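Please read the structure below before turning to the comments.
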Ligand SMILES: Cc1cc2nc3c(=O)[nH]c(=O)nc-3n(C[C@H](O)[C@H](O)[C@H](O)COP(=O)(O)O)c2cc1C
């Protein structure tokens, strides 16, 4: 079978982690890299990833996430955050990077820049944040998938209070808000969810071929 599909069947949203097993630095880097390489609309990458290693802060975050144990017991905790006020400046910053990386003159990128700005400006600040959050979910998916391919367990989590997370992590003053989490580590052999059958609607009801 396809190794990627095997990995996706192997993974599950891990509920109980083995606190004695930690990711290596190389594994951590690979997860970060997989999410950093995620595609995003126009390539804008409106995402900041916070890796929380401070145990006291993780304890506070757990209290703001319905006490979910993965927050403190998984080897690593990642918080995906997005800007609360994307502006044309974000487009300028990205265009400057494109010019630098590809050795181009900024003026040659004016059409591209205008196109991005035309996508940003008609949206309300809330719509911009929502738009950015959609990109964060792609990065989350990349992190989860790359973890599965390496037999690293993960838990995607939306069950937390973003307001409290933003406060605890000081995201507000950075113009950011938290959207989704990923815990990563290694399953505890006592996790009741190990080996549970995957529940997915069948392909027949999922896919529609439009001929
Ligand atoms: C965006 C998102 C948010 C989720 N939030 C939580 C969560 O807060 N806590 C949790 O235990 N699982 C959470 N899950 C895991 C789902 O419940 C799980 O992915 C789903 O039941 C399918 O099971 P599987 O991932 O084990 O195949 C979340 C999943 C996603 C994609």
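Numbers for the structure displayed
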{"read-out": "Residue pairs meeting the criteria (Cβ under 6 Å; at least 6 apart or on separate chains; first in a helix (DSSP H, G or I), in the stretch 22-38; second surrounded by fewer than 19 Cβ atoms within 10 Å (Cβ to Cβ))", "value": "34/142; 35/142"}
{"read-out": "Among the candidates 130, 167, 158, residue that is more than 15 Å from the ligand (Cβ to nearest atom), without any contact (Cβ under 8 Å) to a residue 40 or more places away in the chain and surrounded by fewer than 17 Cβ atoms within 10 Å (Cβ to Cβ)", "value": "167"}
{"read-out": "Filter pass, residue 8 being touching a residue at least 60 places away in the same chain (Cβ under 8 Å), surrounded by 13 or more Cβ atoms within 10 Å (Cβ to Cβ) and either part of a strand (DSSP E or B) or more than 16 Å from the ligand (Cβ to nearest atom) (or both)", "value": "no"}
{"read-out": "Qualifying residue in the stretch 43-56 (condition: over 20 Å from the mean Cα position of the chain (by Cα), surrounded by fewer than 19 Cβ atoms within 10 Å (Cβ to Cβ), more than 16 Å from the ligand (Cβ to nearest atom) and not in a loop (DSSP other than H, G, I, E, B))", "value": "yes"}
{"read-out": "Filtered residue count, the stretch 57-99, keeping only those that are part of a loop (DSSP other than H, G, I, E, B), within 16 Å of the ligand (Cβ to nearest atom) and surrounded by 18 or more Cβ atoms within 10 Å (Cβ to Cβ)", "value": "4"}
{"read-out": "Enumeration of residues in the stretch 50-104 that are within 18 Å of residue 32 (Cα to Cα) and in contact (Cβ under 8 Å) with a residue 60 or more places away in the chain", "value": "50, 52, 71, 74, 75, 76, 77, 78, 79, 80, 81, 82"}
{"read-out": "Subset of the stretch 172-193 [more than 15 Å from the ligand (Cβ to nearest atom) and either touching a helix residue (DSSP H, G or I) at 6+ places or on another chain (Cβ under 7 Å) or in a strand (DSSP E or B) (or both)]", "value": "172, 176, 177"}
{"read-out": "The stretch 186-208 residues that are surrounded by 10 or more Cβ atoms within 10 Å (Cβ to Cβ), paired with ones that are part of a strand (DSSP E or B) (beta carbon under 7 Å, 6 or more apart)", "value": "186/17; 186/153; 187/17; 187/153; 188/17; 194/187"}
{"read-out": "Residue in the stretch 108-129 that is modelled with pLDDT of 95 or more and under 30 Å from residue 59 (Cβ atoms) present", "value": "yes"}
{"read-out": "Yes/no for residue 113 being away from the ligand (no atom under 16 Å from the Cβ), in a helix (DSSP H, G or I), on the phi < 0 side of the Ramachandran plot and touching a helix residue (DSSP H, G or I) at 6+ places or on another chain (Cβ under 6 Å)", "value": "yes"}
{"read-out": "Condition check for residue 205: modelled with pLDDT of 95 or more and within 27 Å of residue 67 (Cα to Cα)", "value": "no"}
{"read-out": "Flag for residue 19 being in contact with a helix residue (DSSP H, G or I) (Cβ under 6 Å, 6 or more places away or on another chain), more than 16 Å from the ligand (Cβ to nearest atom) and under 26 Å from residue 192 (Cβ atoms)", "value": "yes"}
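The values are calculated or read from the model by the stated rules, or taken from the named source; none is laboratory data. The structure displayed is predicted, hence computed values, not measured ones. Positions of Cβ are backbone-derived with ideal geometry, glycine not excepted, and every protein chain shown enters the neighbour counts.
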